[in-house]
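A single structure is presented below for examination.
The values are calculated or read from the model by the stated rules, or taken from the named source; none is laboratory data. Just so we're clear, the structure is a prediction, and the values are computed from it rather than from any experiment. The area values use the complete protein model at the heavy-atom level, side chains included, leaving out ligands, DNA and RNA. Shrake-Rupley method; radii C 1.70, N 1.55, O 1.52, S 1.80 Å.
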Amino acid sequence: MELSKGGHLACADYRVEHPGNQRQCQKCERGGGFDVRNMAVDSVLSSVRVECPHEGCGLYVTYHKLADHQSVCPLAPCKCRVPVCGYEGPLPVLYHHISTAHRMPVHRIQYGKVLQLQVPLSEPRLLLFEEEDRRAFFLVGGMLDIGAPIAVSVVCIRAGASPLPHYVAKLWANGPPGEPEGTTDAVEVEMEVTSSKDPGDVDVQELTFLTVPPKLLAGAKLVSLHIQIDKLTS
């Protein structure tokens, strides 16, 4: 058994005579070979199954599909949103890290149901946790300057290349009751939620923001924010 220049394993009988007593693999003779690929080894590697290296996953996939799986694995390491922290871990561990190491407020949310929050204007940053599929969402934003509008958006923490499901968020804020009939001013926005395993590195150009004007705040230190997240599976 010999290895042709095209990477084919071939016995002597499979090789053909050429002028000058040179012998060549018949597959290479017909133009079916390349100079760098060993077809036999490639076939073996294509059938090998390896375990996903992400902690807690345990899924075995064929060797050549490992990179594709890792890019969408639900247990792919995600980065902490807090600046200069540098912590990375699978989502269940990251959730615990954020809520304990940084004492960030955590609120339970259910898909399709409205959650009302009192969000500090100084740092409108908190974690939303959905128990159905253990998904985590960051509420991010801030105030550009004193007297300027407050801008708020939502980012889902997961592998950036993840396929379905997608998420849509509705956010709205109400101002204080007006006169004389107690009417309330409000602003509202609906957005497709951006997903990332590094939420702190998301380009603001990729996000849609709810902008709350100062007149709805009426000098308060908190903004009354309503949020609803819907899960789309198609």
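Could you tell me the accessible area of I150 in Å² (1.4 Å probe, neighbours in place), rounded to the nearest ten?
Its accessible surface works out to 0 Å², give or take rounding.
Could you pull the accessible area for M39 with a 1.4 Å probe, rounded to 10 Å²?
80 Å²
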